[in-house]
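Let me begin by handing over the structure; questions about it come next.
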Amino acid sequence: MSEKDQVLAILARKIHGEVAGRIIERLIKVGEATDEQLSQALGIEIGTIRRVLNELYESRLVKYRRVRDEEQGWYLYYWRLTDEYPTRVLEERRRKAVEVLKRRLEFEKSNSFFYCPSCGTRFSFDEVADNMFRCPYCGTDLEALDGSLVTEKLEKAIKLLESIKFE
Ligand SMILES: [Zn+2]
């Protein structure tokens with residue numbers, strides 16, 4: 001197994017879980033496989049294989065070749081590892097994470113939040129206004145939440161992620 005492939009397998013497992021790691025390892029071994037072949041070889045249900053393959057594709061860890069089955073008239077997808085270096089994958093991942101955190105920060109800054117002192121559930125303004133500022137689960141009066149700690153943490157995480165460069 002080349003170093004690049006090893007890194008891909010580790011990344012796949014870390015980001016998308018155990019099934020993803022096993023799919024990548026299988027693809028390293030056989031080079032190319034359809035979802036059905038992967039399902040049979042790994043003993044994992046085809047629906048799960050397809051879902052994880054799509055996740056891996058979105059992370060750009062795998063790619064596919066589409067072949068029309070002349071007899072059946074539908075397409076077969078042959079999956080294999082990406083040719084891109086993992087740095088490209090990591091960079092893409094980093095960029096997406098920053099985007100998600102920034103959206104989250106924007107949301108935190110433009111909304112006020114409340115929490116239930118007895119069951120600890122957190123609510124946005126819209127969720128509790130209809131309920132007269134009482135917890136919908138236990139009926140306790142809600143208290144306003146100071147959001148500065150959350151935004152501070154988000155800002156720190158964004159700064160950290162923006163300072164990393166993978167390529
Ligand atoms: Zn409650």
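The values are calculated or read from the model by the stated rules, or taken from the named source; none is laboratory data. Everything numeric here is computed off the predicted structure, so don't read it as measured data. Virtual Cβ from ideal backbone geometry, glycine too; neighbours counted across all protein chains shown.
Could you please give the count of residues in segment 99-126 that are without any contact (Cβ under 8 Å) to a residue 12 or more places away in the chain and either within 11 Å of GLU143 (Cα to Cα) or not assigned by TED's automatic domain parsing to the domain that holds VAL150 (or both)?
1
Applying the selection to segment 81-92, what residues are in contact (Cβ under 8 Å) with a residue 40 or more places away in the chain and in a loop (DSSP other than H, G, I, E, B)?
Within segment 81-92, THR82, TYR85 qualify.
Among the candidates GLU91, GLU106, single out the residue that is within 19 Å of the chain's Cα centre (by Cα) and not basic (Lys, Arg).
On the way: GLU106 fails: within 19 Å of the chain's Cα centre (by Cα).
None of the other options fit; the residue is GLU91.
Let me ask another. Considering every residue within segment 116-125, establish whether at least one is of a type in the set (A, V, I, L, M, F, W, C), over 27 Å from the mean Cα position of the chain (by Cα) and at pLDDT 90 or above.
yes
Mind checking which residues of segment 1-19 are hydrophobic (A, V, I, L, M, F, W, C), over 15 Å from VAL89 (Cα atoms) and assigned to a helix (DSSP H, G or I)?
Hit for segment 1-19 is VAL19, nothing else.
Additional query: Inspect segment 102-113 for any residue being more than 30 Å from LEU145 (Cα to Cα) and hydroxyl-bearing (Ser, Thr, Tyr) and give the result as yes or no.
No, segment 102-113 contains no residue that is more than 30 Å from LEU145 (Cα to Cα) and hydroxyl-bearing (Ser, Thr, Tyr).
Residue under question is ILE23, and the condition is that it be part of a loop (DSSP other than H, G, I, E, B) and either closer than 20 Å to LEU161 by Cα or among the hydrophobic types (A, V, I, L, M, F, W, C) (or both); does it hold? Spell out how you get there, then give the answer.
Values: part of a loop (DSSP other than H, G, I, E, B): no; either closer than 20 Å to LEU161 by Cα or among the hydrophobic types (A, V, I, L, M, F, W, C) (or both): yes.
So ILE23 fails the test.
For segment 51-99, name all the residues that are closer than 21 Å to GLN6 by Cα and of a type in the set (A, V, I, L, M, F, W, C).
VAL52, LEU53, LEU56, LEU61, VAL62, TRP79, LEU81, VAL89, LEU90
If you take the residues in segment 32-67 that are in a loop (DSSP other than H, G, I, E, B) and at pLDDT 95 or above, which one is surrounded by the fewest Cβ atoms within 10 Å (Cβ to Cβ)?
Selected residue: GLY43.
Which residues, counting only those in segment 49-104, are more than 16 Å from ALA20 (Cβ to Cβ) and polar (S, T, N, Q)?
Listed by number, the residues that qualify are GLN72, THR87.
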